[in-house]
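Here is the structure we will look at.
The values are calculated or read from the model by the stated rules, or taken from the named source; none is laboratory data. Remember, predicted model here, so these are calculated numbers, not experimental data. Cβ sites come from the backbone with ideal geometry, for glycine too, and all protein chains shown count toward neighbours.
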Amino acid sequence: MTELKWRDPPLGEIVLPGGVLRLTLGVGSGLARRPGDPEGRFWGLGDRGPNLKIPQAIDDYGLTGLEPLRDLAGAKVLPAPQIGPTLAELQIKGDRVELIRTRPIEMPDGAAVSGRALPGTQADMEPTFDVTGARLPPDPAGADTEAVVVLADGSFWLGEEYGPSLIKVDADGVVRRRWTPAGVRLASGEDVLPARGAERRMNRGFEGLAASKDGRWLYAALQSALDRPEADRRSTLIWKLDAETGALAGEFDYPFDAPESFTADAAAGEVGPDDLKICELVAVTDDRLLVLERISKSARIYRVDLSNGRRLAKTLIFSTDTAGGIAPDLEGMALMSDRELILATDNDFGIEGAETRFYRLRFAAPLTG
């Protein structure tokens, strides 16, 4: 394992009563490599944009006017709502990662896709506010992007948490399709995904996304168990979807490890089933995936084979608990060759001073197994 050098590009500063909020570009929420691209080339993805939890905004940045909102579940402050989901083209050169260009996500009319919640129940579950405490209006095109696939033609599929939804973006960064669960209807979308996807837990939608080599199939993972009383919190769902229609071709149960086995997290405080999550998928062959499973400080990469039945068996290929030296909040993973992965952490746009960290993992045997 080797850490690659990188510096987050600055996005600006916001002077707040309790201090200066320094924002930097986020690129580590999802990673992907385009088939046939030059060696070392890959793409990164930022999520909804800079956001603060209400207690953090009050206690750390002196926004005392938000005090009436302190206990509002799911609420976030968007200190720079003009910053939304963005793609970043990246290049490894020697021992460093370099930024080639960024590409904001736009609607066909040229409007930027924002990080505000969707209208309806999602806006109620995850309301957003500006720094004065004024509620920001929901956005029918809003997205909290967390996963990316790059196809051979240069177009993208994005996985996001609000709908949750899958978004097809052309090579210029323009949204062309959006799939939501049945019953979640958007003016610019198609509700073709299984209805149970709408039962995702708050802030736990599509966090992992991969595609078969020929682009025929998409593999989408819900980050955590569904929000229903009878749901087994110790597992979550991975879907195999037709990439043309969104039709469900297979549903699989991914079993989580015991939460207390994530030793760095357990050492830092109490952990439980609700802390378990999938944060990335990579397809190494058709129906054979790598899964990034983590809590916060500890992360593991497993290989699973969807052809072996609904309840997936896992083969461990990497653990930060044994490797050591890797920062918390791993979210991005890209397959660079059959024996090499690039991992990235999510810097949360620098709001807590975190930097994106990139790691190169090389393996002695092919990751296809």
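Does segment 57-114 hold any residues that are basic (Lys, Arg), surrounded by fewer than 21 Cβ atoms within 10 Å (Cβ to Cβ) and closer than 16 Å to GLY133 by Cα, and which are they?
Within segment 57-114, just ARG70 meets the criteria.
What single numbered condition from (1) crowded, with 16+ Cβ neighbours inside 10 Å; (2) part of a loop (DSSP other than H, G, I, E, B); (3) at negative phi fails to hold for GLY246?
Exception for GLY246: condition (3).
Here is a check on your reading of the model: is ILE317 in contact with a helix residue (DSSP H, G or I) (Cβ under 7 Å, 6 or more places away or on another chain) and over 20 Å from VAL27 (Cβ atoms)?
No; evaluated as a whole, the condition is false for this residue.
The rows are residues; the columns are (1) buried (at least 16 other Cβ atoms within 10 Å of the Cβ); (2) among the small types (Gly, Ala, Ser); (3) at pLDDT 95 or above.
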{"residue": "GLU3", "(1), (2), (3)": "no, no, yes"}
{"residue": "VAL15", "(1), (2), (3)": "no, no, yes"}
{"residue": "SER29", "(1), (2), (3)": "yes, yes, yes"}
{"residue": "ARG33", "(1), (2), (3)": "yes, no, yes"}
{"residue": "GLU39", "(1), (2), (3)": "no, no, yes"}
{"residue": "TRP43", "(1), (2), (3)": "yes, no, yes"}
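Of the conditions (1) part of a helix (DSSP H, G or I); (2) under 27 Å from PRO9 (Cα atoms); (3) not acidic (Asp, Glu), ILE326 clears all except one; give me its number.
Here ILE326 meets the rest and fails (1).
Are any residues in segment 329-354 part of a loop (DSSP other than H, G, I, E, B) and surrounded by 14 or more Cβ atoms within 10 Å (Cβ to Cβ), and if so, which ones?
ASP329, ARG339, ASP346, ASN347, ILE351, ALA354
Every residue in segment 193-234 that is among the aliphatic types (A, V, I, L, M) and surrounded by 22 or more Cβ atoms within 10 Å (Cβ to Cβ), please.
Answer for segment 193-234, where residues must be among the aliphatic types (A, V, I, L, M) and surrounded by 22 or more Cβ atoms within 10 Å (Cβ to Cβ): LEU193, LEU209, ALA210, ALA211, LEU218, ALA220, ALA221, LEU222, ALA225.
All but one of (1) more than 24 Å from the chain's Cα centre (by Cα); (2) buried (at least 17 other Cβ atoms within 10 Å of the Cβ); (3) of a type in the set (A, V, I, L, M, F, W, C) hold for VAL20; which doesn't?
VAL20 satisfies every listed condition except (2).
With the structure loaded, tell me whether LEU306 is within 22 Å of GLU146 (Cβ to Cβ) and out of contact with any Asp or Glu (no Cβ under 8 Å at 6 or more places or on another chain) or whether it fails that test.
No; evaluated as a whole, the condition is false for this residue.
Test GLY44 against the stated conditions and say whether it is in a strand (DSSP E or B) and either of a type outside the set (A, V, I, L, M, F, W, C) or more than 30 Å from MET1 (Cβ to Cβ) (or both).
yes
Name every residue in segment 319-347 that is at pLDDT below 95 and at positive phi, in order of residue number.
GLY324, GLY325, listed by residue number.
Residues are listed down the side, and each one gets a yes or a no for (1) in contact with a Phe, Trp or Tyr (Cβ under 7 Å, 6 or more places away or on another chain); (2) surrounded by fewer than 20 Cβ atoms within 10 Å (Cβ to Cβ); (3) in a loop (DSSP other than H, G, I, E, B); (4) at pLDDT 95 or above:
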| position | (1), (2), (3), (4) |
| --- | --- |
| ALA117 | yes, no, yes, no |
| ASP139 | no, no, yes, no |
| VAL148 | yes, no, no, yes |
| GLY154 | no, yes, yes, yes |
| TYR162 | no, no, yes, no |
| ASP172 | no, yes, yes, yes |
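Taking segment 249-290 on its own, how many of its residues are assigned to a helix (DSSP H, G or I) and free of Cβ contacts under 8 Å to residues at least 40 places away in the same chain?
Residues that pass the stated criteria total 8.
For segment 310-318, indicate whether the set of residues that are at pLDDT below 95 and either among the hydrophobic types (A, V, I, L, M, F, W, C) or over 17 Å from ALA221 (Cβ atoms) (or both) is non-empty.
Looking for residues that are at pLDDT below 95 and either among the hydrophobic types (A, V, I, L, M, F, W, C) or over 17 Å from ALA221 (Cβ atoms) (or both), one finds none in segment 310-318, hence no.
Kindly indicate the residue of segment 291-320 that is β-branched (Val, Ile, Thr) and touching a residue at least 40 places away in the same chain (Cβ under 8 Å) and also surrounded by the fewest Cβ atoms within 10 Å (Cβ to Cβ) among those meeting that condition.
Of everything passing the filter in segment 291-320, THR315 is surrounded by the fewest Cβ atoms within 10 Å (Cβ to Cβ).
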